[in-house]
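*Asks:* Below is one structure. I have some questions about it.
The values are calculated or read from the model by the stated rules, or taken from the named source; none is laboratory data. All values derive from a computational prediction rather than experimental measurement. Neighbour counts are summed over all protein chains in view; Cβ atoms, including those assigned to glycine, are modelled from backbone coordinates with ideal geometry. The accessibility values were calculated without ligands, DNA or RNA, using every heavy atom of the protein model including side chains. Shrake-Rupley method; radii C 1.70, N 1.55, O 1.52, S 1.80 Å.
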Amino acid sequence: MIGLQSAGAIGDSNSSDLYREPLRPQVHFTPPAQWMNDPNGLVYLDGEYHLFYQHHPYSNKWGPMHWGHAVSRDLLHWENLPIALYPDKHGAIFSGSAVFDRDNTSGLGSAARPPLVAIFAYHDHAIEKQGGIRVESQGIAYSLDRGRTWIKYAGNPVLKNPGLRDFRDPKVFWMSSIHRWIMTVAVKDHVSFYSSKDLRHWAHESDFGQGIGQHGGVWECPDLVEMKVAGEIESRYALLVSVNPGAPNGGSGTQYFIGHFDGRRFDPDTQGAKWLDWGTDNYAGVTWSGVPASRTLWLGWMSNWNYAQALPTVQWRNAMTLPRELKLVRADAGFALLADPVHELNGLRKTSTPMSNGGVEHSKTLVSGDANLSAPFELMLDLKLIDATLISLVFKNERSEATVFRINRAEHRFELDRAKSGLTDFAGSFSNLQTAPMPDTDRIKLHIFVDKSSIEIFINDGQSVFSDLVFPHLPYNSVDLRTDREIEVVDGTVYGLSSIWEKTP
Ligand code: FRU
């Protein structure tokens, strides 16, 4: 891990600078070193949120997958733990989930010591090389010591390949009404649902997805989760499915469907896919299992397979998004998921600077380079647009590198422009303009997090989100608000944030 060099990258470092490298995110999870992709095995147990992740420990490029591991008590400050799962004779360890088997249904623990069970996809590179079909199957492993050590089940794989080339990313939950575990698996252009009483024997129930939703590429990392409809006693199931390529702004993205699930079949309310995020850097996200207080907590991989392996960092490659709380709302246009950054993030605020309220005619500096504030910072802004048609927020540094977010009312869209954001030429598509449909409204609330190498913009309580990587040569330390006609700043605050790597509470 030490001594890796790459011409033109900003983040070259040695171990004494760990987590202090110039582009290293300060409020996002990144692995201490080397390659990371999807979050895996998200599960809460005994006050700890577990985060496992697709990890190649010997390179900063994708390779034979292991499960890296970290735990947190607040979803923000992470303690890195040893690698949890290594490849074995059945293959490398692809994406999957973890559950607390409280009643020891699996028999892998005991009533007194119920197991934590990881359910993952095996990917056999040898079969793949020979051009075989049965490359992927599902295996399990268990831990009796709060996830610190893992034992692979001797009877693996628990779900053999049924003759399908793509067969991976098992996500499991306990459906108490039918006393069964339900597994959702990604199978190329659809998902399959399986059920089990013991996590070891699985029966196929049904398939969902062919001809429905977005099919620009292969379906991956599904998650079926029951959610209360906000303000109602009713609940629905949200089915999240990542697709690559096929995202609205190119490459990898996550679509979702809302509907009913009876333990066998998923019945969607609508046939069309909705998008969890309009930015290009949010993929393979799934929810935490076993979270207290019925919160739906979620985390995504903040990258895109279009360029994930070419990012200009060396020591580590790729980050997770901020953890988010998903809410299900019934809106005029049907059900929708809102994604908001978790409230635990408020604990990172170390300075707070309110903005002067009132009219802005042409431009206003919201954060000035002199204010001794630079990424990571957070910005809350409540705007009345009045008659303005083009409003821009410009995040920039002292080298005039800038990422621009626009509210383009004439075109009825939000725009994210990172063409001049810093390093962009490692991938042709990185500079493409990103857009999201804008509802007809004259009030826009923004909640924005700027880190060393990313910007996340939550619009109107998470109705639309842009999660985007950026690689400026210097951290962004100023923000300008520009408008073609007068608007009103109803409310606004800028918060300086402390690093999650400074101390673990
Ligand atoms: C999604 C994915 C999964 C797979 C894993 C391999 O990014 O392609 O489908 O399990 O990554 O690392």
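*Asks:* Scan Leu385, Leu390 and give me the residue that is farther than 30 Å from Arg24 by Cα, open to solvent by 60 Å² or more (accessible area, probe 1.4 Å), out of contact with any Leu (no Cβ under 6 Å at 6 or more places or on another chain) and of a type in the set (A, V, I, L, M, F, W, C).
*Replies:* Values: Leu385 fails: open to solvent by 60 Å² or more (accessible area, probe 1.4 Å).
Result: Leu390 is the single residue among Leu385, Leu390 that is farther than 30 Å from Arg24 by Cα, open to solvent by 60 Å² or more (accessible area, probe 1.4 Å), out of contact with any Leu (no Cβ under 6 Å at 6 or more places or on another chain) and of a type in the set (A, V, I, L, M, F, W, C).
*Asks:* Listed residues Arg165, Arg148; which is farther than 27 Å from Asn282 by Cβ, open to solvent by 50 Å² or more (accessible area, probe 1.4 Å) and assigned to a loop (DSSP other than H, G, I, E, B)?
*Replies:* Going through Arg165, Arg148 in turn, the sole match is Arg148.
*Asks:* State all residues of the stretch 288-323 that are under 15 Å from Gln54 (Cβ atoms) and charged (D, E, K, R); if no residue qualifies, say none.
*Replies:* Arg317
*Asks:* Which residues, counting only those in the stretch 252-268, are in a loop (DSSP other than H, G, I, E, B) and crowded, with 23+ Cβ neighbours inside 10 Å? I'd like the intermediate steps shown before the answer.
*Replies:* Start the filter on the stretch 252-268 by keeping residues that are in a loop (DSSP other than H, G, I, E, B), which leaves 252, 262-265.
Residue satisfying the conditions is Ser252 alone.
*Asks:* Can we say Asn397 is within 16 Å of the ligand (Cβ to nearest atom), in contact with a helix residue (DSSP H, G or I) (Cβ under 9 Å, 6 or more places away or on another chain) and of a type in the set (S, T, N, Q)?
*Replies:* no
*Asks:* Being surrounded by 22 or more Cβ atoms within 10 Å (Cβ to Cβ) and either aromatic (Phe, Trp, Tyr) or more than 15 Å from the ligand (Cβ to nearest atom) (or both) is the filter here; which residues of the stretch 210-224 pass it?
*Replies:* Gly213, Trp219, Leu224, listed by residue number.
A quick yes/no check of all residues on (1) within 16 Å of the ligand (Cβ to nearest atom); (2) closer than 22 Å to Gly285 by Cβ; (3) of a type in the set (S, T, N, Q):
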| position | (1), (2), (3) |
| --- | --- |
| Leu51 | yes, yes, no |
| Val71 | no, yes, no |
| Tyr86 | yes, no, no |
| Ile93 | yes, yes, no |
| Thr105 | no, no, yes |
| Pro115 | no, no, no |
| Ile119 | yes, yes, no |
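*Asks:* Taking the stretch 459-484, which residues are on the phi < 0 side of the Ramachandran plot, open to solvent by 20 Å² or more (accessible area, probe 1.4 Å) and within 19 Å of the chain's Cα centre (by Cα)?
*Replies:* Gln463, the sole residue that qualifies.
*Asks:* Starting from residues that are assigned to a loop (DSSP other than H, G, I, E, B) and open to solvent by less than 10 Å² (accessible area, probe 1.4 Å), keep the ones in the stretch 398-424 and report whichever is farthest from Ser467 (Cα to Cα).
*Replies:* Filtering first and then ranking leaves Ser421.
*Asks:* Considering each of Leu199, Leu159 in turn, give the residue that is within 16 Å of the ligand (Cβ to nearest atom), crowded, with 20+ Cβ neighbours inside 10 Å and at pLDDT 95 or above.
*Replies:* Being within 16 Å of the ligand (Cβ to nearest atom), crowded, with 20+ Cβ neighbours inside 10 Å and at pLDDT 95 or above holds for just one of Leu199, Leu159, which is Leu159.
*Asks:* Another question, if that's okay. Could you list all residues from the stretch 270-290 that are part of a loop (DSSP other than H, G, I, E, B) and either at pLDDT 95 or above or in contact with a Cys (Cβ under 9 Å, 6 or more places away or on another chain) (or both)? Lay out the reasoning, then the answer.
*Replies:* To start, the set of residues in the stretch 270-290 that are part of a loop (DSSP other than H, G, I, E, B) comprises 270-273, 276-282, 288, 290.
Selection gives Leu276, Asp277, Trp278, Gly279, Thr280, Asp281, Asn282, Trp288, Gly290.
*Asks:* Okay, moving on. Based on what the data block shows, is Ala310 within 16 Å of the ligand (Cβ to nearest atom), out of contact with any Pro (no Cβ under 7 Å at 6 or more places or on another chain) and open to solvent by 10 Å² or more (accessible area, probe 1.4 Å)?
*Replies:* For Ala310, the condition - within 16 Å of the ligand (Cβ to nearest atom), out of contact with any Pro (no Cβ under 7 Å at 6 or more places or on another chain) and open to solvent by 10 Å² or more (accessible area, probe 1.4 Å) - is met.
*Asks:* Scan Glu488, Glu456 and give me the residue that is of a type in the set (Asp, Glu), buried (at least 18 other Cβ atoms within 10 Å of the Cβ) and not in a loop (DSSP other than H, G, I, E, B).
*Replies:* Glu456
*Asks:* Looking only at the stretch 338-368, how many residues end up being touching a Gly at 6+ places or on another chain (Cβ under 6 Å) and either closer than 15 Å to Glu456 by Cβ or not β-branched (Val, Ile, Thr) (or both)?
*Replies:* So the first thing to find is which residues in the stretch 338-368 are touching a Gly at 6+ places or on another chain (Cβ under 6 Å), and the list is 338-340, 350-351, 355.
Those left that are additionally either closer than 15 Å to Glu456 by Cβ or not β-branched (Val, Ile, Thr) (or both): 338-340, 350, 355.
Qualifying residue count, the stretch 338-368: 5.
*Asks:* Which fully enclosed strands (runs of 3 or more DSSP E) of the stretch 20-119 have 3 or more residues being touching a residue at least 60 places away in the same chain (Cβ under 8 Å)?
*Replies:* 34-45, 48-56, 78-85, 92-100
*Asks:* Another question, if that's okay. Is it the case that Gln315 is assigned by TED's automatic domain parsing to the domain that holds Val43, among the polar types (S, T, N, Q), buried (at least 23 other Cβ atoms within 10 Å of the Cβ) and over 28 Å from Lys445 (Cα atoms)? Write out each step before concluding.
*Replies:* Values: assigned by TED's automatic domain parsing to the domain that holds Val43: yes; among the polar types (S, T, N, Q): yes; buried (at least 23 other Cβ atoms within 10 Å of the Cβ): yes; over 28 Å from Lys445 (Cα atoms): yes.
In short, yes.
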